[in-house]
Structure formats: C-alpha cells, structure tokens
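The values are calculated or read from the model by the stated rules, or taken from the named source; none is laboratory data. Being a predicted model, the structure only gives us computed values, none of them experimental. Here Cβ is always computed from backbone atoms with ideal geometry, including for glycine, and neighbour counts include all displayed protein chains.
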Amino acid sequence: MKLTLAVFISIAVLAPTSTAAPRSSVYVIDHVADGDTVALRNGQRIRLVQIDTPEIYFGTECYGPQASATTKALLPPGTRVRLFTEPATDRVHQYRRLLRYVVRVKDGLNVNVQLVRVGAAAPYFYLGRRGRYASLLERLALRARAKKLGLWGQCRHTPYAPNRGVRTLAAKPGMGRSPGSVGVRSAAVAVRGDPR
C-alpha cells in the first residue's frame with residue numbers, strides 16, 4: 001500500500017498541470033517607427049518598455065536617427081518576435097501603444113536590453129517603476145557610457161537620468177552621420193530566452 005501511494009504521489013507531482021504557462025504568441029514586425037517604437041503586421045504598435053531612445057519626431061535629438069537605425073537593423077520587416085509584459089509597469093502607454101519587451105524568436109535576443117547594451121537607448125523607469133531588468137539595464141547603460149558607445153559618445157553632455165528618460169541636445173548639421181548600428185553585430189553576450 002505504501003509503495004502504491006508513493007508511486008501515485010510521484011506521478012501527481014511530476015505530471016504536467018493545466019496551469020502551466022503557455023508559450024507566448026509569435027508576432028511579425030511590420031516596421032520600426034523610431035528607436036523605441038515598432039509596428040506589428042497585425043496593426044498593433046509596441047513601445048519598448050523600460051528604455052528610451054533619442055527622439056526623431058518633433059525636433060531631432062542627437063543620436064535619434066542612429067538609434068532608429070540600430071532598432072531597424074535588429075528588427076527588419078518580417079522579423080518574428082515574442083512580446084512580454086513588465087509587471088512593474090502599465091501594460092498600455094498613454095498613446096495606446098502596448099508596453100512590452102520585444103524578444104526575437106530566431107535567437108532569443110531581448111531587443112530592449114540590446115539597445116541599452118550598444119548605447120542606442122538608456123534605461124527609463126517611468127514614475128520610478130523598476131522592472132525585472134532594471135539592475136541589468138543600469139549596469140549596461142553605465143558600461144556603455146563609460147566606453148562612450150552610441151549616444152554616450154556622440155552626445156557627450158547627455159545626463160544619465162533613468163527616472164526621466166534620455167534627453168540629448170538637438171542634432172547639429174553633420175552630427176551623427178557615422179554608421180548607425182554601432183555594436184549591433186559585435187556586441188558580446190545578449191540576454192536570451194524567455195525574459196520572465
């Protein structure tokens with residue numbers, strides 16, 4: 001009887017349950033709107049959560065075009081991605097964009113993290129809400145800043161202010177016309193896999 005009970009308990013513990021988290025859906029990139037916003041083929045717009053890139057609309061900021069080019073290099077049209085929410089933040093942005101981490105299906109690259117790693121974005125903890133990658137994003141941003149990568153090298157007086165987002169000076173004529181995807185192909189280790 002004890003053996004039968006032990007076998008039953010083992011099977012119950014090891015058997016998959018219906019509450020197991022399902023694999024997230026796969027979406028397809030339609031286009032990159034700017035450094036931290038992408039559009040999907042289903043019409044949804046995604047704001048990459050916990051990061052901020054220099055602006056290209058309503059006054060181009062220093063490194064704005066390069067940040068957009070870096071995101072375009074990482075997420076060309078047709079790229080298959082998975083989207084993950086950040087429990088510490090809202091799910092939808094004030095402009096009705098979904099707030100998500102964007103992870104490429106082909107290699108598990110977390111694009112939000114990669115943009116900070118190469119200096120194309122800075123951490124942005126809106127209302128001080130620090131998500132699951134906050135410490136990593138800060139470490140990567142400070143390393144990129146120390147190495148003068150991306151915006152930290154071209155926009156040298158940019159303050160590091162993760163609770164206010166990145167604010168660079170307006171681009172000057174001829175400023176920032178160097179290759180736009182600095183470090184995209186040569187970055188060392190990327191955050192891979194399910195970002196939960």
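Just one of the listed residues (118, 81, 105) is free of Cβ contacts under 8 Å to residues at least 60 places away in the same chain and more than 10 Å from the chain's Cα centre (by Cα), and it is 81. Looking at 141, 121 in this structure, which one is farther than 17 Å from residue 46 by Cα, touching a strand residue (DSSP E or B) at 6+ places or on another chain (Cβ under 8 Å) and not basic (Lys, Arg)? After ruling out the rest, the residue left standing is 141. A Cβ distance below 9 Å, combined with a sequence gap of six or more or placement on separate chains, defines the contacts here; from the range 16-34, residues that are modelled with pLDDT under 95 and of a type in the set (Ser, Thr, Tyr) reach residues that are in a strand (DSSP E or B) and surrounded by 10 or more Cβ atoms within 10 Å (Cβ to Cβ) in the pairs 24/82; 24/83; 24/84; 24/103. Looking at the range 143-196, which of the residues that are of a type in the set (D, E, K, R) and modelled with pLDDT of 50 or more is farthest from residue 100 (Cα to Cα)? Checking each candidate, the answer is 172. Counting only residues that are within 20 Å of residue 89 (Cβ to Cβ), more than 12 Å from the chain's Cα centre (by Cα) and of a type in the set (A, V, I, L, M), the range 40-77 holds 1 of them.
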